[in-house]
1. Counting just the residues of segment B:1-37 that are open to solvent by 60 Å² or more (accessible area, probe 1.4 Å) and among the basic types (Lys, Arg), which one comes out nearest to residue A:83 (Cα to Cα)?
2. Quick one: how many residues across segment B:54-81 are surrounded by fewer than 21 Cβ atoms within 10 Å (Cβ to Cβ), acidic (Asp, Glu) and over 16 Å from residue B:24 (Cβ atoms)?
3. Residues in segment A:1-29 that are part of a helix (DSSP H, G or I) and at the interface with chain B (Cβ under 7 Å from one of its Cβ atoms): how many?
4. Just to be sure, is residue A:48 open to solvent by 40 Å² or more (accessible area, probe 1.4 Å) and either away from chain B (no Cβ under 14 Å) or out of contact with any strand residue (DSSP E or B) (no Cβ under 8 Å at 6 or more places or on another chain) (or both)?
Protein chains: 2
Amino acid sequence: MCIAKETLDRLGDKWSVAVMHELSPGTRRFMELRRALPAISKRMLTATLRALEEDGLLERTVHPTVPPRVDYELTQLGRSLLESAWTVMNWGESHTSEIELARQRFAERTQHAV
Amino acid sequence: MCIAKETLDRLGDKWSVAVMHELSPGTRRFMELRRALPAISKRMLTATLRALEEDGLLERTVHPTVPPRVDYELTQLGRSLLESAWTVMNWGESHTSEIELARQRFAERTQHAV
């Protein structure tokens, strides 16, 4: 699959944008992310962070402390993807009333058609 | 769910952007869309068109011919959403090499770590 479509899929998946958003203020640790996103499971957060790291959207740093401390931080690439995600979300927010009106009209049309 | 997140989900679903893209040149009929998107089932195209109409992203016009002719056309709202989808896809295209490089490095790192 081409990366352009993969990028759309990533923005549409359940957690990638939420995790990137939580990382936008700066470096976060795993437990900080879990507390910030209570609905995400440990397994899903681990998989989401790994997929974002794999594509270069975040950096994972292991500090040689005892026990080792692991930090996650958005890369420049990650920040720029989050910006384009915000373009889409801002579109949604600024067109909410038009969409809600269209849904109402559609419901009326389809009820009359039955 | 808020419309901003719904909008991200819509861009990430399998067919909405592909159908809107096929409608970008102008009015299309159902069979024209099916021929343009051979991998989509009749049921899925019907559901996708209905969901796009419901949110005011396209208009469905039934012409009183025998048999009736049905046209689908993007609305201004649909065109503007397609534009923001293109912002994301263009992001993907313009960062393909960085993402592929990051994937390669990640694979090397995780192979050594095993």
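The values are calculated or read from the model by the stated rules, or taken from the named source; none is laboratory data. Keep in mind it's a predicted model, so treat the numbers as computed, not measured. Positions of Cβ are backbone-derived with ideal geometry, glycine not excepted, and every protein chain shown enters the neighbour counts. Keep in mind that these areas ignore ligands, DNA and RNA; they rest on the heavy atoms of the full protein, side chains included. Shrake-Rupley method; radii C 1.70, N 1.55, O 1.52, S 1.80 Å.
1. Selected residue: B:14.
2. 1
3. The total comes to 9.
4. Spelling it out, it is not the case that residue A:48 is open to solvent by 40 Å² or more (accessible area, probe 1.4 Å) and either away from chain B (no Cβ under 14 Å) or out of contact with any strand residue (DSSP E or B) (no Cβ under 8 Å at 6 or more places or on another chain) (or both).
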